[in-house]
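The values are calculated or read from the model by the stated rules, or taken from the named source; none is laboratory data. Just so we're clear, the structure is a prediction, and the values are computed from it rather than from any experiment. Cβ atoms come from the backbone with ideal geometry, glycine included; neighbour counts cover every protein chain shown. Note: areas computed on protein heavy atoms with side chains; ligands, DNA, RNA excluded. Shrake-Rupley method; radii C 1.70, N 1.55, O 1.52, S 1.80 Å.
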Amino acid sequence: SEFCQAPDGSIWIGTEDAGLHRFNPEDGSFERGFLPAGNIHALEIIDGKLWAGSYGEGIFVLSDGGKRFSRYLLSDGGGNPGANSIYSIFRDISGTVWVGTEGGLFRYNPEQDSFERVAAGLISRQVNDILQDFVGNIWFATMGQGLFRYTPETGIWYSPPGTDSYMTCILEDSAHNLWFGTENSGINYYNHS
């Protein structure tokens, strides 16, 4: 379900039911057995460590080439059953780590080494993908609530009208156009100009 290239050139592979694997392109070998979780949906390299989001088992942060890991369980204090099903992890240019879960959006607090719920009144559904565009806006693709844009400079959240409510993925192309994949209505396109 997810790929991520490590600084050493190896490829981390998150699978739906077979856990986390690592492929070495130099010798063609595969390794597995890094985590107790079998269902991995999100991968991101942050400060040389692999962050792996699992279904129902929270986030694992792997260090020392995958030999050690820490586990984080997310909670918003309200018994959010989807908070530990992770679908997206993204670090923006300011260093903030955003985590999209089945039960909404979270942000990592490095001072407290914990996660806090973000935009609780806006985003309460699964966040499939997160992207920061060339002007600094952060986009969130959700399942059932459509698309959201957050402008860090102003703190303003915006949900563009006319988009499908089931958004699956986001891409910014070389001309800075944004492309949004949907579950029900093909591809949505956004031109900044």
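A quick yes/no check of all residues on (1) touching a Phe, Trp or Tyr at 6+ places or on another chain (Cβ under 9 Å); (2) part of a strand (DSSP E or B); (3) modelled with pLDDT under 90:
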{"position": "34", "(1), (2), (3)": "yes, no, no"}
{"position": "70", "(1), (2), (3)": "yes, yes, no"}
{"position": "77", "(1), (2), (3)": "no, no, yes"}
{"position": "95", "(1), (2), (3)": "no, no, no"}
{"position": "98", "(1), (2), (3)": "yes, yes, no"}
{"position": "106", "(1), (2), (3)": "yes, yes, no"}
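Out of curiosity, is residue 134 at pLDDT 90 or above, open to solvent by 30 Å² or more (accessible area, probe 1.4 Å) and touching a His at 6+ places or on another chain (Cβ under 6 Å)?
For residue 134, the condition - at pLDDT 90 or above, open to solvent by 30 Å² or more (accessible area, probe 1.4 Å) and touching a His at 6+ places or on another chain (Cβ under 6 Å) - is met.
Of the residues 73, 50, only one is over 17 Å from residue 170 (Cβ atoms), more than 11 Å from the chain's Cα centre (by Cα), open to solvent by 10 Å² or more (accessible area, probe 1.4 Å) and of a type in the set (A, V, I, L, M, F, W, C); which?
Going through 73, 50 in turn, just one is over 17 Å from residue 170 (Cβ atoms), more than 11 Å from the chain's Cα centre (by Cα), open to solvent by 10 Å² or more (accessible area, probe 1.4 Å) and of a type in the set (A, V, I, L, M, F, W, C): 73.
I'm told residue 45 meets every condition in (1) under 17 Å from residue 14 (Cβ atoms); (2) surrounded by fewer than 17 Cβ atoms within 10 Å (Cβ to Cβ); (3) more than 12 Å from the chain's Cα centre (by Cα) except one. Can you identify the failing condition by its number?
If we test residue 45 against (1) under 17 Å from residue 14 (Cβ atoms); (2) surrounded by fewer than 17 Cβ atoms within 10 Å (Cβ to Cβ); (3) more than 12 Å from the chain's Cα centre (by Cα), just (3) comes out false.
Quick test for you: out of 189, 166, 150, pick the one residue that is exposed (fewer than 13 other Cβ atoms within 10 Å of the Cβ) and among the aromatic types (Phe, Trp, Tyr).
Answer to the selection: 189.
Can you tell me which of 50, 74, 105 is farther than 30 Å from residue 156 by Cα and touching a strand residue (DSSP E or B) at 6+ places or on another chain (Cβ under 8 Å)?
Of 50, 74, 105, the one residue that is farther than 30 Å from residue 156 by Cα and touching a strand residue (DSSP E or B) at 6+ places or on another chain (Cβ under 8 Å) is 50.
For region 18-32, give me each residue that is open to solvent by less than 30 Å² (accessible area, probe 1.4 Å) and aliphatic (A, V, I, L, M).
Hit for region 18-32 is 20, nothing else.
Checking residue 171 against (1) open to solvent by 40 Å² or more (accessible area, probe 1.4 Å); (2) more than 25 Å from residue 40 (Cα to Cα), which test does it fail?
Single failed check for residue 171: (2).
Quick check on residue 111: is it of a type in the set (Asp, Glu) and part of a strand (DSSP E or B)?
In short, no.
Yes or no, residue by residue, for (1) over 23 Å from residue 131 (Cα atoms); (2) out of contact with any Lys or Arg (no Cβ under 9 Å at 6 or more places or on another chain); (3) loosely packed, with under 14 Cβ neighbours inside 10 Å:
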| position | (1), (2), (3) |
| --- | --- |
| 3 | no, yes, yes |
| 16 | no, yes, yes |
| 34 | yes, no, no |
| 55 | no, yes, no |
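Given the conditions (1) crowded, with 22+ Cβ neighbours inside 10 Å; (2) farther than 20 Å from residue 153 by Cα, which single one is not true for residue 113?
Just one mismatch for residue 113, condition (1).
Can you name every one of the strands (runs of 3 or more DSSP E) wholly within region 119-193 that holds 2 or more residues which are closer than 20 Å to residue 108 by Cβ?
127-132, 138-142, 147-151
Does region 57-65 contain at least one residue that is of a type in the set (Asp, Glu), open to solvent by 30 Å² or more (accessible area, probe 1.4 Å) and in a helix (DSSP H, G or I)?
Checked against the condition, which is being of a type in the set (Asp, Glu), open to solvent by 30 Å² or more (accessible area, probe 1.4 Å) and in a helix (DSSP H, G or I), region 57-65 yields at least one hit.
Pairs needed: first member in region 103-132, on the phi < 0 side of the Ramachandran plot; second member anywhere, of a type in the set (Lys, Arg); C-beta distance under 8 Å; at least 6 residues apart or different chains.
103/125; 105/117; 106/117; 115/107; 116/107; 118/107
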